[in-house]
Structures are given as C-alpha cells and as structure tokens.
1. How many angstrom lie between the Cα centre of the range B:170-213 and the Cα centre of the range C:81-143?
2. State, as an integer percentage, the relative contact order of the range A:12-243 based on alpha-carbon contacts under 8 Å between residues 6 or more apart.
3. Considering only A:Asn247, A:Asn105, A:Asn308, give the residue with the highest GNM mean-square fluctuation for chain A, with springs between Cα atoms whenever their separation is below 10 Å.
4. Can you list the residues, at least 5 places off or on another chain, whose amide H is less than 5 Å from the amide H of A:Leu166, using H built in the peptide plane?
5. Once both axes come from the Cα atoms, what is the angle between helix A:176-193 and the longest principal axis of chain A, in degrees from 0 to 90, rounded to 10?
6. If each of A:Asp305 and A:Ser324 carries a label point 7 Å out from its Cα toward its Cβ, how far apart are those two points in nm?
7. What's the magnitude of the charge dipole for chain B around its Cα centre, counting Lys and Arg as +1 and Asp and Glu as -1 at the beta-carbon? Answer in Debye, nearest 20.
8. Step by step: find N for the range C:211-284, compute 2.2 N^0.38 Å, then divide the Cα radius of gyration by it. What's the final number?
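A short reminder: the numbers here are calculations on the coordinates, not readings from a lab. Predicted model, so just to flag it, every value in this text is computed and none were measured. Every residue, glycine among them, receives a Cβ derived from its backbone with ideal geometry; neighbour counts consider all protein chains shown.
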Amino acid sequence: MFTLSPDKNMQTDLSVQNVTKKFEEFTAVDSVSFDVEQGRFFSILGPSGCGKTTLLRMIAGFTEPTDGIISIRGENMAGVVPNKRPVNLIFQHLALFPMMNVAENIAFGLQRQKVGRADIQKKTETILERVGLPGFAHKKIDQLSGGQKQRVAIARCLVLEPTVLLLDEPLGALDLKLRDQMKVELKKLQAKVGTTFVYITHDQSEALVMSDYVAVMNKGRFEQVDTPQNLYSNPSTPFTAQFVGDNNAWSGRLTGLSGNMATVVTPEGNSFTINTHGKTFAPDAGVDLFLRPEAMLIQPDPSMDQLNRFEVVVKAILFDGANSRLLATPLNSEKELIIGLPQNRQFDHIRPSDRIEIGWHGDSGICFPGKEGRS
Amino acid sequence: MKNHGRWYLFFFLTPILLWLFLMILLPHMDLLIMSFRAEDDFGEMVWSFANYLNFFEEPIYWATFARTALYSILVTVLTFIIALPVSFYITHVVAPKFSGFLMLLLLLPFWVSELVRVYGWMILLRESGVINHFLVQMGILDKPVEMLYNDATMILGLVYTSMLFMVVPLISVLESLDKSLIEAAYDLGANMWTILVRIIIPHSMPGIVSGSIVVFMLTLGNYLTPNLMGGKNSLWFTEQIYNQFIASFNWNQGSAFGFLLLILSSLIIWAGLKLTGQKLSKVVK
Amino acid sequence: MIRSLPNSKTYSICFKLYVTLFFVFLFAPLAVTSILAFNDSMFPALPWNGFCLDWFFADTPSRLGIFHDQMNLDSILVSAQTAFFVSLFATSVGTLGAFLFEQEEFRFKQLLYFFMLLPLVIPGVILGISILLFSNTLGTFFEESFNLDVGLFRPGFWLVVLGQFSFITTFVTLVVSARLKKFDRTLEEAALNLGANRLEVIWHITLKFLRPAILGAGAVAFLMSFENFNTTLFLVGSQPTLPINLYLQVRDGSTPVINAISFLMIFGTSILAFVNLYFSKKTE
C-alpha cells in the first residue's frame with residue numbers, strides 16, 4: 001500500500017501486510033500494510049482510539065491479528081508468543097519492576113536467555129554506559145528521576161538486542177520540559193545504536209521531531225505514510241492536514257478552474273485562487289481548503305500581486321514567543337482564524353479589534369474535494 | 001490544629017486507656033502471674049515453675065503443642081497455595097465485569113458462623129454423611145466409611161475456615177499489581193513460572209505476610225474445628241487449655257499453657273515479619 | 001496468563017476448572033446444610049424423603065421446629081442482645097480510638113497503638129481465659145476487701161459482652177481510622193475558621209464524613225459478636241449464646257433443627273452482607 005524510499009540495499013526489518021483486528025463488531029485496525037527498513041525511526045501518529053496501540057500490541061505479540069501477516073526480518077510471526085519474538089516493547093508507564101534494582105531489571109531478559117553471570121554483568125555495565133547512566137546499577141527504581149527511568153526502560157530492552165524496538169508513548173507521563181529534552185535524546189540514542197524503532201504517539205511534535213517516517217493513523221487505517229517534511233507540506237488527506245500541525249480550514253464551492261488554478265468562493269463571500277496540485281474537481285463541487293497560520297501574510301506589500309487578499313478583525317493577540325499568533329475573524333463572519341505573527345517588531349502596533357488585510361499565495365494552500373459547500 | 005485544649009485529648013484517651021489496660025494488658029499480666037503460682041505440698045499457693053515443668057515433663061502436652069504449631073504452619077501454607085491462583089484469577093484473568101461478582105461470592109460463606117460451616121462439613125463427611133451416601137449409591141463403596149475425625153479432615157476444615165483471611169489481603173495486593181509489569185516480563189522472555197516467582201510473589205509480599213499472620217494466628221487459636229472435626233488423636237493445644245480450665249479446674253496449669261501458646265504465636269509472627277522485612281503496623285492495613 | 005495476553009486453551013480451561021472446584025468447595029457445606037433443613041427425616045442426612053417445613057414450624061414431641069424450640073430461641077435472643085451491646089460499645093470506643101490515633105499527638109502514642117493492635121495477634125481462647133482470670137481476681141478482691149459480690153465479675157452475659165468488646169473494638173478502630181485518613185483536614189480548618197468550636201466541627205463535619213464507615217464497622221461488629229465462639233466459650237454463664245448452644249448440640253448429635261437454624265443464619269447474614277455491600281458501594 002505504502003512504499004517508502006525504494007532503496008534495494010536496505011533490509012526490511014518489519015513488514016505488516018493487510019493486518020486487521022476486530023473486537024466483536026468493532027474494527028480496531030482495518031487492513032493496514034507497511035514496511036520498516038533496518039535502522040529507521042518509524043512513528044505511528046494518531047488520536048487516541050485510532051487503533052495504534054492495538055497495532056503495536058499485535059507486533060509485540062500480545063494480541064493476535066484477525067487477519068493479515070506480520071513478519072520480522074522475513075519471518076512470519078503468526079503464532080509466535082511475545083517472549084519468543086525478536087521485538088521488545090517500552091510500555092507507556094515503562095513497567096520497570098519495582099521489586100528489583102536497576103541492574104536486576106536490565107539483567108532480567110538476559111537471565112531468561114540463560115546468558116552467563118559474567119556476561120550479564122558486562123552487558124549490563126555496557127548498556128548503562130551507553131544510555132548515560134554509568135554507576136546506577138544498584139539504585140532502586142523509585143530513586144530515579146523520570147528521565148532516568150526512561151533510559152533504564154530503554155536499556156532493559158536494548159540489552160537484548162531486539163530487531164525492532166517498539167515504544168508505546170513512553171514520553172507521555174513526563175512534564176513538558178523533560179519531554180522536549182527526551183525527544184532529542186531518544187533520537188540521538190536511536191542514531192547511535194542503529195536499532196529499528198517503531199514509536200506510537202498522539203503527539204505530532206514527538207513524531208515529527210524524531211522520526212524518519214511517520215504514518216498518520218485514523219479510525220483503524222493509515223491516512224498517509226511519509227517523511228515529516230512531506231506530511232507537513234503535502235498532506236494527502238484532510239485528516240492529515242488537520243492533525244499534523246495547525247491548519248485553518250474552510251469549506252467553499254468551486255466556481256472556476258483554469259489549468260491547475262481553481263477559484264473557490266467561501267461562505268463569507270471571499271473568492272480565492274488556489275493550486276489544486278493535480279487533484280480533479282467536478283464543476284460546482286464542494287472544496288475543503290486548508291491554510292497554515294504561517295502561510296497568511298499580515299498586511300502584505302501592495303506590490304505583491306497574485307495574492308488572495310481579504311480583510312479580518314483582530315480578536316486577540318496570542319503571544320507565545322516565536323510561536324505567537326493572531327486570533328482573527330473575516331468580516332461578516334464568526335469563523336476564527338489563526339494567523340502567524342512574526343516577532344520582528346514589524347506588527348507591534350496591531351491591537352485587538354483592528355481591521356487588517358491578510359494575503360496568501362495560491363500555492364501555499366491545500367485543497368480537497370469536500371462536502372457540498374454550505375452558503 | 002495543635003493548639004486546641006488538652007481536654008479533647010483526655011476525652012479520646014480515657015476510654016482507650018481503660019479498654020486497653022483493663023481488658024488487654026492487666027488480664028494478660030494476671031495470666032502470667034497465675035501461671036507461676038502453684039500449690040505446694042501443704043496446699044498453699046506459692047510462686048513456682050511447677051506448671052511449666054509439668055508441660056515439659058508430660059510428653060502429651062508438648063507433643064500436642066508441637067503438633068498444633070506444625071499443623072498451623074501447614075494450614076497456612078496450604079491456604080496460601082490454594083488462595084493465590086483464585087485471587088489472581090479474580091484480579092487479572094476473569095473479565096472485569098465478573099470479578100466484582102466473584103469477589104462477593106467469595107466473601108459470602110465467611111459471613112456465616114464458623115460453627116455452621118463446620119457443621120456443613122460434618123454432615124458431608126461423616127459415616128452417615130452425604131458424600132458416603134452418594135459413593136455407596138454409585139457403587140464406588142460397598143459400605144460407608146468414616147471420613148471425619150482424622151487429621152486430614154481437620155486440616156481441610158481449618159483451611160476452609162481460614163480461606164477468607166488469605167484471599168482478601170491477596171486480592172487487595174494483587175489489584176495494585178500493574179498488568180504491564182507482567183506483560184513487560186513476558187515480552188522480555190519470561191515464562192509463567194518466572195513471572196510468578198520474580199514479579200507476582202515479590203509484589204504480593206505484604207499481602208502474603210498479613211494473610212499468613214492472620215491465618216496462622218486464627219488456626220493456632222482455633223478450638224471449634226479441631227474439636228468437632230479432629231479425631232481422638234488429633235488433639236489441639238487449645239483443647240488442652242480448655243481441659244485445664246473447665247474439666248480439671250486447674251487454672252494455674254491452664255494459664256501456663258495459655259501463656260506458652262501466646263509466646264509461640266508471637267514468636268512465629270515476629271519471625272515471619274523479620275524474615276520478610278515487614279512491620280506489624282503496615283501489615284494490619 | 002492475564003486477560004490482556006493470548007492464553008493457550010488448556011491453560012484457560014484448567015484455570016476455569018480450578019476456580020469452579022474452589023467455589024464448589026466453598027459452597028458445598030452451606031448448600032448441603034440448607035437443603036437438608038427441608039428434608040422429611042429425623043436425621044440431618046440423605047436419603048431425601050421429600051420436602052417438609054417441620055424443622056421450622058412443627059410442634060410435636062418427636063419433631064420440634066425452630067420457631068417452637070424455646071431453648072434455641074432463647075439463645076438466639078441472648079446472642080442478639082450480646083451483639084447489640086458489643087457493637088454499640090465497640091463502635092463508640094473504636095471511633096474515639098480512631099480520632100485519638102489519627103488526630104492527636106501525645107507521648108507513647110506508638111506504644112499505645114501497638115497495644116491497640118495486640119488483640120489481632122492474641123488467639124481468642126487466650127483472650128477468653130485471661131479475662132476470665134482477671135475478672136475472677138477482681139471479684140475475689142472486692143469480696144475480700146469490701147464484702148461485695150459483684151455479678152459483673154462472674155461468668156455471664158456482661159462478661160461475654162466485655163470479652164467480645166475487647167477485641168472487636170480493635171477492628172472498629174482500624175476501619176474507622178482508615179476512613180479518617182482520607183478525610184481532608186482543611187474542611188475542619190475551614191469550619192474552625194468560620195467560627196465553630198472543635199466539638200461542633202467533629203459533630204457536623206467529621207462524623208458526617210465517617211458515618212458510612214462507622215455504620216459498616218458496626219454491622220460487622222454485630223456479626224463478629226453474634227458468631228463468636230472462642231472467647232465466649234470461657235466467659236459464658238447460665239445463658240448460652242447461639243454458637244455455644246449449637247456447639248453442644250452438634251457435638252452430641254441432634255435433629256435437623258440445627259439445619260433449620262443454620263439456614264436462617266445463612267439467609268440472614270447474606271442479606272446483611274448485601275445491605276452492607278450496597279451501602280459501601282453507595283458511599284464510593
């Protein structure tokens with residue numbers, strides 16, 4: 001279904017073919033297929049309840065798929081129990097064993113593989129060094145900070161040298177500052193060890209920052225699998241456009257089409273010209289239009305032609321440093337827009353209830369065939 | 001809140017002090033004193049070790065004592081072995097919508113008097129009992145056999161009576177076991193046995209200890225079940241105490257026995273707490 | 001293994017079988033006892049001779065049903081009276097104990113707390129004999145010193161009440177303490193701040209909060225007292241409680257009237273259990 005960078009020299013570590021999971025009437029995962037190549041950081045991004053956890057648990061072996069094939073390094077995993085699979089899982093709340101210390105936690109899996117005592121000790125020390133926790137072997141779990149626990153959980157799995165490491169939103173329980181820090185750390189760690197990571201999250205920033213490839217999942221299906229950059233700039237479905245990054249959405253009606261440029265009239269009566277990027281539209285069809293906050297220019301220079309221009313009333317200034325926005329509504333409308341507010345002091349004069357002109361270029365928006373435009 | 005009058009403290013403290021001193025501490029001191037009093041050759045009450053010497057000189061006494069202690073430990077272990085899978089099933093295996101119902105079902109028999117439960121076992125097991133009736137009717141037995149009044153049925157009765165006090169602490173401690181710990185262990189390659197020994201039992205230790213202490217204590221001090229279900233040779237130490245007090249009317253000897261039983265139960269509970277590194281005040285919760 | 005993991009068929013079936021057997025083991029004696037209360041027979045045994053209610057209602061020389069069996073009825077009344085006083089005293093003192101150990105600070109608090117826990121680890125038989133001994137000592141003392149014969153110090157109704165009270169109070173204290181621990185003390189501070197005195201605070205705020213726990217503990221205290229055997233055995237006088245009375249009949253052999261009493265007890269305690277469960281559910 002989705003094929004990624006057809007590099008023939010790369011080995012496929014994880015292959016999921018048409019996997020479906022039904023719970024009685026409810027279909028949690030609906031015929032999902034994807035391949036992950038060796039050494040990739042692959043994320044599955046979706047809202048809660050989209051089926052991503054079920055998909056992950058099927059790969060780990062905790063749940064059997066209703067249909068479809070999961071194979072790891074070409075080996076079919078059907079009927080292989082979790083403790084015999086070459087994958088390991090980092091749990092959402094890490095599931096470190098509180099009754100054991102750090103070293104015992106890490107040694108646990110090695111002992112199951114009947115590794116010798118001396119070997120276990122050597123491997124434990126090496127892996128602790130690698131995750132930046134040398135000398136922590138005899139600490140108790142409840143003596144560790146959130147970030148340290150994170151690293152122990154990762155060490156506990158990596159010491160077993162799994163083919164694929166699965167991560168179930170492990171950063172979710174951390175506070176914001178630590179989460180940002182761990183994102184970078186996790187990315188660096190993955191690059192260092194070179195193990196294939198499959199990471200699930202509902203947090204788009206985690207997925208975008210860390211991943212080589214991201215799959216956007218919704219209602220049991222993959223909407224799009226792509227690089228983070230492409231997901232952001234070329235979303236292939238309305239869901240992706242809205243879920244990845246902020247977007248302003250409009251429903252409009254197609255009134256004209258010349259080449260790739262479509263003319264869309266919004267319910268407020270604005271007429272916009274937008275690039276269809278090759279999508280086909282029936283005449284007079286409904287169009288869903290998406291526009292990033294930063295695509296809208298505040299008070300553009302009159303010399304810039306080919307801009308869609310319209311006027312808005314400022315409702316509030318949402319100051320957030322480099323990420324500051326304007327909350328504004330088009331004239332004669334209740335519709336709220338979020339507009340990027342560059343912090344170069346150029347727009348410091350803007351105050352709530354000011355009327356300002358907004359402009360955007362037809363190439364910077366995305367449109368999809370939509371519901372019949374409401375008027 | 002600390003600056004209110006001491007009046008309130010005495011209001012709370014007085015009844016508690018009266019209760020604990022008049023009904024717990026002083027009676028047990030009296031028990032200790034009584035156990036060191038005995039009649040001398042002239043029929044006068046004097047201080048004496050005679051009651052304790054008697055205990056060690058009469059094999060029947062200390063044999064009963066040792067038997068009671070060993071059987072109580074056996075009953076505790078058996079109760080734990082039977083209760084653990086059931087507690088695990090209710091907390092982690094059965095669908096959550098049934099676990100509340102099973103829990104209620106589990107508690108129900110123990111709201112009923114111990115006497116009624118023992119009586120139930122008696123009419124099941126005795127020679128004219130229900131089980132014999134069915135076995136004879138099905139042709140498995142030619143004539144009824146007496147299944148009651150031996151050590152095995154006595155232990156069965158004691159295990160039955162104690163079950164609740166093991167299951168309840170086990171369930172409450174297993175409820176707090178995060179299922180992802182089991183999943184993580186499984187994912188890291190552990191089998192059922194390893195998970196039991198390395199994860200489930202260490203996690204359940206507080207519950208196991210408190211359950212075991214209560215079961216052990218109740219079994220050791222049980223009178224009803226050994227008396228009604230045990231045979232002539234399955235004498236329980238509480239029966240010796242009863243005999244001294246009620247039948248022989250030798251209260252001093254009985255006091256010595258009582259005190260020995262108290263020391264035994266305290267010692268074993270203390271050893272259990274020390275071995276597992278738990279505290280009594282933690283365990284009773 | 002657990003419900004969120006794939007389990008093998010054999011494992012699931014074996015586990016289910018084990019739990020089923022366990023519940024059969026749990027309920028077999030109660031079920032048999034109850035069923036045989038309705039058997040038309042002179043003995044609490046099979047064969048089944050047909051359904052009858054004689055052991056509840058009959059009043060003939062050979063068959064005396066429980067509702068005409070004066071001796072057993074008396075002992076039920078004695079047990080109920082005992083349980084009433086025990087639960088009344090135990091909940092009162094136990095609640096005071098909870099306040100004492102949760103909200104007060106004083107020297108030797110830890111030691112007193114340890115004493116309070118002692119009845120949990122003292123076998124009931126020992127508690128019975130030590131209270132018997134001590135009351136006898138006191139009785140002798142009063143008689144010799146003041147020539148007073150105090151009935152309280154002789155085995156009998158009130159001594160049984162005191163004996164049961166001495167360990168059931170520990171139980172009540174623990175249950176009420178557990179609830180009191182969850183109490184948000186800023187509520188008390190708010191009430192004090194609004195002008196209430198400590199007694200008013202306890203009466204209007206804290207006791208209201210504790211009420212379900214106190215009622216629940218009271219119900220369980222009633223049951224514990226109603227069914228107590230070990231401690232009562234040594235303290236009982238001329239009025240036997242129900243368990244003592246039943247014990248004598250069971251030991252010496254009796255008609256199915258015991259089954260009838262047992263059935264009523266099973267039935268009654270089940271209802272009490274459900275009511276207790278209902279109330280504890282409601283408060284959660």
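1. When both Cα centres are located, 37 Å separates them.
2. Averaging sequence separation for qualifying contacts and normalising by length gives 28 percent for the range A:12-243.
3. Sorting by GNM fluctuation, first place goes to A:Asn308.
4. Result for A:Leu166 returns A:Asn88, A:Leu89, A:Ile90, A:Val198.
5. 60
6. Label at A:Asp305, label at A:Ser324, 3.4 nm between them.
7. 1120
8. So the range C:211-284 has a normalised radius of gyration of 1.35.
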